[in-house]
Each structure stands twice: as structure tokens, then as C-alpha cells.
1. In the list V18, V37, which residue meets the criterion of being closer than 15 Å to G80 by Cα and in contact with a Lys or Arg (Cβ under 7 Å, 6 or more places away or on another chain)?
2. Is at least one residue of region 111-121 in contact with a His (Cβ under 8 Å, 6 or more places away or on another chain), closer than 22 Å to T20 by Cα and not in a helix (DSSP H, G or I)?
3. Does A55 satisfy the condition of being within 25 Å of D9 (Cα to Cα) and among the hydrophobic types (A, V, I, L, M, F, W, C)?
4. Run S100 past the list (1) more than 15 Å from the chain's Cα centre (by Cα); (2) surrounded by 11 or more Cβ atoms within 10 Å (Cβ to Cβ); (3) hydroxyl-bearing (S, T, Y) and report the number of the one that doesn't hold.
5. So how many residues does region 95-106 have that are of a type in the set (S, T, N, Q) and in contact with a strand residue (DSSP E or B) (Cβ under 8 Å, 6 or more places away or on another chain)?
6. For region 64-94, enumerate the residues that are more than 20 Å from S21 (Cα to Cα), charged (D, E, K, R) and in contact with a strand residue (DSSP E or B) (Cβ under 8 Å, 6 or more places away or on another chain).
7. Out of E59, E5, which single residue is of a type outside the set (F, W, Y), surrounded by 13 or more Cβ atoms within 10 Å (Cβ to Cβ) and touching a residue at least 60 places away in the same chain (Cβ under 8 Å)?
Amino acid sequence: MLTDEVKEDMGKIKVFPVATSSADGEPNMNMVGMLRVIDDETIWLVDNFMDKTLANIIENPRASFVVWSAETKGAWQVKGDVEVVSSGDDFEKAREWAHSVRETLPAKNLLVMKVSEIYNVKSGPDAGKRIV
């Protein structure tokens, strides 16, 4: 799912705006610094301070984030289904990653996103077109 160009641009971003929605449609936007590509279909997000985001994911397990900065070639919206993981090998790897960044981060949960859609959101004739 994730193209090389999208992954390359993701590598240039330090903080990602992540959108979720409650079951009744109340939106939430959170800035996430701990977001990592695991493979072409899987993104990890570490829940350090995600109270509203986590509540929304539990009610409505979908999320979206934007990949864009002045350094990126493109601008992308990535959407997918999200599972909350709070134990097991992947969770422990995510905690280790969080603690390697800053030992005091709580790393309460691991949110595992399976990418289902990617859109071009850069201005121009292809704006809004689904690329995957």
C-alpha cells in the first residue's frame, strides 16, 4: 500500500496530524510524534498522551493522518483501520522505542494501523485523487 514516495516523505516528518472520530462523528485531531512505518501496510503509533484519540479509536477504529512539510515532495492523506495493542511482543517493542526516545514517556498502548487508502492532497490537477 505505502509507495516508496510516501514512505520517503514520511521519513522527513517529525510530527503527524492524526484525525479520529467518535462513534457519533465528533472529530478529534492530535499531533503524534511517535509514528513509524513497519511495512508497506502497517503503521505503528505509540499512545503516550492520547486520551480523546484512544477513546475514539475504541469506539470507531479508523484513523487518518497527513504527510506534508516544506521538505516533502508530495502531500498525502493515509487512512486505515486501527487496533489497540496493550501487551505482547509488538507492544514491548513499541515501549522500548518510546523509552529510547525519552525514558519518561508512558507508552500506554500501541496503535497498529493497517493502511487501506492513500490520497494525493497536494494542490494541482491530481489533488484529492486516490493513489492506492
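1. Testing whether each residue is closer than 15 Å to G80 by Cα and in contact with a Lys or Arg (Cβ under 7 Å, 6 or more places away or on another chain) leaves just V37.
2. no
3. no
4. With respect to (1) more than 15 Å from the chain's Cα centre (by Cα); (2) surrounded by 11 or more Cβ atoms within 10 Å (Cβ to Cβ); (3) hydroxyl-bearing (S, T, Y), S100 is out only on (2).
5. Of the residues in region 95-106, 0 are of a type in the set (S, T, N, Q) and in contact with a strand residue (DSSP E or B) (Cβ under 8 Å, 6 or more places away or on another chain).
6. Taking region 64-94 as the starting set, the residues that turn out to be more than 20 Å from S21 (Cα to Cα) are 68-75, 86-94.
Now drop any that are not charged (D, E, K, R), which leaves 71, 73, 89-90, 92-93.
Of everything in region 64-94, just one residue is more than 20 Å from S21 (Cα to Cα), charged (D, E, K, R) and in contact with a strand residue (DSSP E or B) (Cβ under 8 Å, 6 or more places away or on another chain), namely D90.
7. On the way: E59 fails: touching a residue at least 60 places away in the same chain (Cβ under 8 Å).
Being of a type outside the set (F, W, Y), surrounded by 13 or more Cβ atoms within 10 Å (Cβ to Cβ) and touching a residue at least 60 places away in the same chain (Cβ under 8 Å) holds for just one of E59, E5, which is E5.
Listed here are the residues, each with its yes/no results for (1) hydroxyl-bearing (S, T, Y); (2) within 19 Å of S69 (Cα to Cα).
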{"residue": "G11", "(1), (2)": "no, yes"}
{"residue": "S21", "(1), (2)": "yes, no"}
{"residue": "D24", "(1), (2)": "no, no"}
{"residue": "P27", "(1), (2)": "no, no"}
{"residue": "V37", "(1), (2)": "no, yes"}
{"residue": "N48", "(1), (2)": "no, no"}
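The values are calculated or read from the model by the stated rules, or taken from the named source; none is laboratory data. Predicted, not measured: the structure shown is a model, and the values here were computed from it. Positions of Cβ are generated from backbone atoms using ideal geometry, with glycine treated the same way; all protein chains shown enter the neighbour counts.
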